[in-house]
Amino acid sequence: MNFKLRNLVAGALASTFLAGFGTTAVADSTDDIVNALMAKGVLTEEEGALLLRGRSGEKEAADKKKETGISAKYKDGIVLESGDGKNSLAINGRVHTDYRSFNYSEDDNGSAVLSGTGADTFDIRRARLGAKVKFLDYYESEVVGTLSGGSSILDLAYLNIAWWKPVQFRFGQFKMPFSLEQLTSSNNIDFIERSFVDAYVPAKEIGAMVHGSPYKGVTYGLAASTGRGINATENDVRVDGVDIIGRATVNFAEIMENKEMVLHGGLAFSQGDISKGDGAAAFGGNRSTEARGASFNTAPVVNSAFTTSDSSIDRSRFGLETALAYGPFKVQGQYSKSNFEFDTATRGYDLDVKTYYVQGLWTITGEKHADRYKNGAFGALKPTNNFDPTNFSGGAWEIGVRYSKFDASDNNTLGLIAGAGTDAQITTKASGFAEADAWTFGVKFVPNPHVRFMLDYVKTDFESLVGAPLLVNGDSEDDEKALLLRTQLTF
């Protein structure tokens, strides 16, 4: 704009104010002001067009800068986001610090712990740091590392492609589509530790999956994986190492557009082979209590030197789940059955391990469980108002109870236990207690969406002794009582 035009515009604006056109002068935009000046004859059409073209260029430059610019915010982690919202990077993490106390007596006779731990201890249960990237509308990737336990290992690493929302694809290491309890993040589970069911369901594995929500309230997932757990690839060329895993859920309340309720039901299955070379892990591993105390059940181990097609164990798993919630009340339950079929030179085996739990929760401060539910799983319990320490108000309080059952009675069978039709290929015999019942009573306080305090009392009764008794510090035990405390931070 030349000097003459600048003077003209300045004079025109001043004249407008003096002439009583204040309302026009304080219009919503510069464009409105210029158009008003043109309408009053203060500016010619040529002068107005020149000003509008300059204004248009400024707008385009501002819009382009907004699209390519980066903004920072905090939403469940530190988030960097492009101006157009198509690309973002979120940094997040968690720290779970625990204290566990058990009722076992101290070692007064110098004997070692023969089975189980049951030690009173402080523990860094989880310490993880991760990043989640979203880009170009259709792509999402997440990488999470575990920092606790004395070494760093990969926890999650996957790419998700969502060209079509109802049919998405995921590749890498991620949670398999099987269990409501497992698919609920450890940040958001209802008790400090998951139930007996969790030890016998697919969790984080390496593989590929197709998944999505084709209709409101309906989800599905179908995956192919190594079947060997976190960070594990195949270790036996004689075994077909691909597990097929699937899950489908429906929330009838969502279909009925009832935002006060959850009426969730789900089915899951898993089918595949696992190598005898995986030892006790092939049967779900040796079983400890839900409080991470005594190891009360020893799974059999099959000789892996067998070099025929019998080197594999045919493993199938089936799961049922439900969750019913209304307002601050929730009832949830799951059932799982794991079947193991294999042959030795002596005989064939067909073994089942059955687990289930039923739990009830009440959010005393009134937060609704339906607000936590999305895509077939539960998210975080967030207080209506954050806790204010100056007047001790706010925060969310919740109490709950859970009954859980473990049943591996089939392991108490001919050939699998010592002295019962010895099978030379069962190199480690099944022993300990074949059954267990656990009651958990819990209370939690959530002062804000990032911090939780949890206190659980867990009583476990052992039943159906197989072989030698369970010894902890030299004493025979048939139950365990534990007190668990967790302080949790997420960001």
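The values are calculated or read from the model by the stated rules, or taken from the named source; none is laboratory data. Model, not experiment: these values are computed from the prediction. All Cβ positions, glycine included, derive from the backbone under ideal geometry; neighbour counts span all protein chains shown.
Out of curiosity, is GLY415 outside any strand (DSSP E or B), in contact with an Asp or Glu (Cβ under 6 Å, 6 or more places away or on another chain) and either modelled with pLDDT under 95 or buried (at least 20 other Cβ atoms within 10 Å of the Cβ) (or both)?
On the way: outside any strand (DSSP E or B): yes; in contact with an Asp or Glu (Cβ under 6 Å, 6 or more places away or on another chain): yes; either modelled with pLDDT under 95 or buried (at least 20 other Cβ atoms within 10 Å of the Cβ) (or both): yes.
So GLY415 fits the description; yes.
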*asked:* So, in region 276-303, exactly how many residues are among the small types (Gly, Ala, Ser), crowded, with 23+ Cβ neighbours inside 10 Å and touching an Asp or Glu at 6+ places or on another chain (Cβ under 7 Å)?
replied: 3
*asked:* Looking only at region 68-111, filter to residues that are in a loop (DSSP other than H, G, I, E, B) and modelled with pLDDT of 85 or more; which one of those is nearest to the chain's Cα centre (by Cα)?
replied: ASN87
*In this structure, does ASN303 turn out to be touching a helix residue (DSSP H, G or I) at 6+ places or on another chain (Cβ under 9 Å) and either more than 30 Å from TYR403 (Cα to Cα) or not assigned by TED's automatic domain parsing to the domain that holds VAL242 (or both)?*
yes
*Answer yes or no: is there a residue in region 439-462 that is loosely packed, with under 15 Cβ neighbours inside 10 Å, among the acidic types (Asp, Glu) and closer than 24 Å to VAL197 by Cβ.*
yes
*Criterion (charged (D, E, K, R), touching a Gly at 6+ places or on another chain (Cβ under 7 Å) and assigned by TED's automatic domain parsing to the domain that holds GLN334) met by exactly one of ASP243, ASP278*: ASP243
*Could you please give the count of residues in region 316-332 that are of a type in the set (Gly, Ala, Ser), under 22 Å from the mean Cα position of the chain (by Cα) and surrounded by fewer than 21 Cβ atoms within 10 Å (Cβ to Cβ)?*
0
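Would you check which residues across region 354-369 are of a type outside the set (Ser, Thr, Tyr), surrounded by fewer than 21 Cβ atoms within 10 Å (Cβ to Cβ) and touching a strand residue (DSSP E or B) at 6+ places or on another chain (Cβ under 7 Å) and list them?
Matches in region 354-369: LYS354, VAL358, GLY360, TRP362, ILE364, GLU367.
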*Please indicate, with yes or no, whether at least one residue in region 154-166 is modelled with pLDDT of 95 or more, surrounded by fewer than 17 Cβ atoms within 10 Å (Cβ to Cβ), touching a Pro at 6+ places or on another chain (Cβ under 8 Å) and of a type outside the set (Asp, Glu).*
yes
*asked:* Being acidic (Asp, Glu) and over 21 Å from GLY284 (Cα atoms) is the filter here; which residues of region 344-380 pass it?
replied: GLU367, ASP371
*asked:* Against the condition crowded, with 19+ Cβ neighbours inside 10 Å, at pLDDT 95 or above, closer than 28 Å to SER179 by Cβ and not charged (D, E, K, R), how does SER431 come out, does it pass?
replied: no
_I need the full set of residues from region 243-272 which are surrounded by 16 or more Cβ atoms within 10 Å (Cβ to Cβ) and aliphatic (A, V, I, L, M), in order please._
ILE245, ALA248, VAL250, ALA253, MET261, VAL262, LEU263, ALA268
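At pLDDT 70 or above and not aromatic (Phe, Trp, Tyr): does that describe SER56? Outline the logic, then answer.
Values: at pLDDT 70 or above: no; not aromatic (Phe, Trp, Tyr): yes.
Judged against the criteria, SER56 is not a match.
Listed residues PHE342, PHE378; which is surrounded by 20 or more Cβ atoms within 10 Å (Cβ to Cβ), under 30 Å from the mean Cα position of the chain (by Cα) and not small (Gly, Ala, Ser)? Before the answer, list the steps.
Values: PHE342 fails: under 30 Å from the mean Cα position of the chain (by Cα).
That would be PHE378, the only listed residue that is surrounded by 20 or more Cβ atoms within 10 Å (Cβ to Cβ), under 30 Å from the mean Cα position of the chain (by Cα) and not small (Gly, Ala, Ser).
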